[in-house]
Amino acid sequence: MLEYDLDDEQPLTLDKNKIEHRHVYHGFKRLSDIVLSGCGLIALSPLFLIVAAAIKLDDKNGPVFYRQERVGRNGRRFMMYKFRSMCVDAEKKLKELQKFNEVEGAMFKMKHDPRVTKVGHFIRRYSIDELPQLFNVLAGDMSLVGPRPPLPKEVQEYSDYDKQRLYVVPGCTGLWQVSARNDVGFHEMVELDLEYIKKSSLLYDLEIMFKTIKIMVFPNGAY
């Protein structure tokens with residue numbers, strides 16, 4: 001079961017060499033990523049069209065998809081895709097909103113972010129905005145399950161301990177998303193990511209994916 005107690009956890013030091021040499025696990029994980037993301041893109045194509053139309057109706061001047069540089073395994077950078085859920089000039093407005101950040105550490109979260117559009121609120125609540133990342137999974141930049149890929153500016157603030165979450169391919173969902181999500185701060189998120197890396201297996205990934213589907217129907221604090 002996906003149980004954890006952050007208060008009882010001791011700092012985790014992971015063996016990077018051991019993680020990288022789990023060739024059988026990584027091979028099967030990559031195969032399942034290709035098959036499931038490919039099938040997902042085909043099955044969800046009608047939903048993609050509906051969401052794209054809704055985004056355009058809500059804000060016809062902006063793009064449907066949002067591209068953002070993220071940091072993946074071992075610090076490799078890539079462009080991550082999402083459905084656009086914010087106003088077009090969201091990045092420009094971020095600086096003035098930093099003082100309202102509701103989490104500690106190297107990330108920004110604001111429950112009532114004024115940059116989020118009407119459609120954006122809905123697709124974020126049900127994690128629909130994340131679905132285009134299936135293209136990233138198919139390309140190999142991401143996996144279905146793993147730590148969320150951080151922004152380059154966030155990684156610049158990482159300690160060596162925090163950088164352990166970059167030992168594996170980042171994911172669309174993970175232990176953080178199916179447990180505490182926005183109810184914990186950055187450091188607790190890191191602990192959950194390291195706990196996932198330590199316990200990772202195909203069955204564990206499958207359990208997290210099933211819980212993710214449940215959370216998409218019954219949200220657990222997404223914003």
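Couple of notes before you dig in:
- Selection status of Leu166, closer than 24 Å to Met216 by Cβ, out of contact with any His (no Cβ under 6 Å at 6 or more places or on another chain) and of a type outside the set (Lys, Arg): no
- The sole residue among Met86, Met79 that is modelled with pLDDT under 95 and not hydroxyl-bearing (Ser, Thr, Tyr) is Met86.
- No other residue among Val145, Val119 is of a type in the set (A, V, I, L, M), under 22 Å from Phe48 (Cα atoms) and open to solvent by less than 20 Å² (accessible area, probe 1.4 Å) apart from Val145.
- Conditions (1) within 25 Å of Glu195 (Cβ to Cβ); (2) touching a residue at least 24 places away in the same chain (Cβ under 8 Å); number of the one not met by Asp113: (1)
- Summed over the range 26-45, residues that are among the aromatic types (Phe, Trp, Tyr) and open to solvent by less than 40 Å² (accessible area, probe 1.4 Å) total 0.
- Boolean, Met110 is at pLDDT below 90 and closer than 23 Å to Gly174 by Cα: yes
- Odd one out for His26, checked against (1) within 20 Å of Ser143 (Cβ to Cβ); (2) touching a residue at least 24 places away in the same chain (Cβ under 8 Å): (2)
- Of the residues screened, Phe48 is one that is surrounded by 11 or more Cβ atoms within 10 Å (Cβ to Cβ), among the hydrophobic types (A, V, I, L, M, F, W, C), touching a residue at least 12 places away in the same chain (Cβ under 8 Å) and farther than 23 Å from Leu206 by Cβ.
- Residue in the range 200-219 that is surrounded by fewer than 18 Cβ atoms within 10 Å (Cβ to Cβ), at pLDDT below 90, assigned to a loop (DSSP other than H, G, I, E, B) and on the phi < 0 side of the Ramachandran plot present: yes
The values are calculated or read from the model by the stated rules, or taken from the named source; none is laboratory data. What you see is a predicted model, and the numbers here were worked out from it, not measured in a lab. Cβ: placed from backbone, ideal geometry, glycine included. Neighbour counts: every protein chain shown. SASA here: full protein model, heavy atoms, side chains in, ligands and nucleic acids out. Shrake-Rupley method; radii C 1.70, N 1.55, O 1.52, S 1.80 Å.
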